C-alpha cells in the first residue's frame with residue numbers, strides 16, 4: 001500500500017472511530033462511514049469490506065495508543081512510583097472520559113462477534129495491562145520503593161478494577177470521587193497513596 005493509500009486508510013479509521021464512539025457498534029452502517037469521511041461507497045470498500053473489519057482497525061489503533069504510555073515518561077532517572085502514577089492517571093482519564101469513548105462499541109462488537117479473534121483481542125488487551133502493572137511493581141520491589149508479596153496477583157487485581165470501572169462509567173456512570181476511592185483501595189500497602197490521586 002502506497003503512502004497516499006495508507007494516509008487515506010488512517011483518515012477513514014480516525015473518522016470511523018468518532019462514528020463508533022457516537023453510535024456504538026450495532027448502530028453504525030457503512031453509509032455512516034461514507035458520510036463521515038465524505039468519500040464514495042466504492043472508495044470505502046477499497047479499504048474495508050464491512051463495519052466489523054473497520055472496527056477491528058479502530059480497536060488496533062486504540063490499542064497502539066493505550067500501549068504508548070511509556071513514551072510519555074520523562075527521560076532520566078524516574079522513580080518507578082512516578083511511572084506507576086502516570087499509568088494510573090492514564091487509566092483514570094480513560095475511565096472518566098465522557099465523550100469519545102469506544103468502550104460501548106467494543107462491548108457490542110464482542111457481543112455480536114464471539115469469534116476466537118475477538119476474544120483473543122480482549123484477552124491480549126487485558127494481559128497487556130497486567131504485564132505493564134506487574135513489571136512496574138516488580139521494578140518497584142527491586143528498588144525498595146514498593147512492598148508486595150504477590151506482584152502478579154496485585155497487577156491482575158488492579159487490571160480487573162480498572163476494566164470494571166470503565167464498564168461502570170459507560171453503563172451507569174461513576175464519579176471521580178468513586179474512582180479515586182477504588183484507586184486508593186487497590187494501592188493500600190503498596191505505595192504512598194497520595195501520589196496517585198489527582
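The values are calculated or read from the model by the stated rules, or taken from the named source; none is laboratory data. Model, not experiment: these values are computed from the prediction. Methodologically, a virtual Cβ is constructed for each residue, glycine included, from the backbone with ideal geometry; neighbour enumeration extends over all protein chains shown.
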Can you list the helices (runs of 4 or more DSSP H) lying wholly within region 1-55 that have 2 or more residues being modelled with pLDDT under 90? 3-23
State which residue pairs qualify: first residue in the same structural domain as residue 147 (by TED's automatic domain parsing) and surrounded by 18 or more Cβ atoms within 10 Å (Cβ to Cβ) and inside region 181-198, second residue part of a helix (DSSP H, G or I) and modelled with pLDDT under 80 in any location, beta carbons under 9 Å apart, and separation of 6 or more residues or different chains. 183/193; 187/193; 187/195
Residue in region 71-87 that is part of a helix (DSSP H, G or I) and modelled with pLDDT under 85 present: yes
Regarding residue 95, is this residue assigned by TED's automatic domain parsing to the domain that holds residue 182, within 30 Å of residue 148 (Cα to Cα), at pLDDT 90 or above and part of a helix (DSSP H, G or I)? no
Assess whether residue 67 counts as being surrounded by fewer than 15 Cβ atoms within 10 Å (Cβ to Cβ), closer than 24 Å to residue 122 by Cβ and at pLDDT below 90. yes
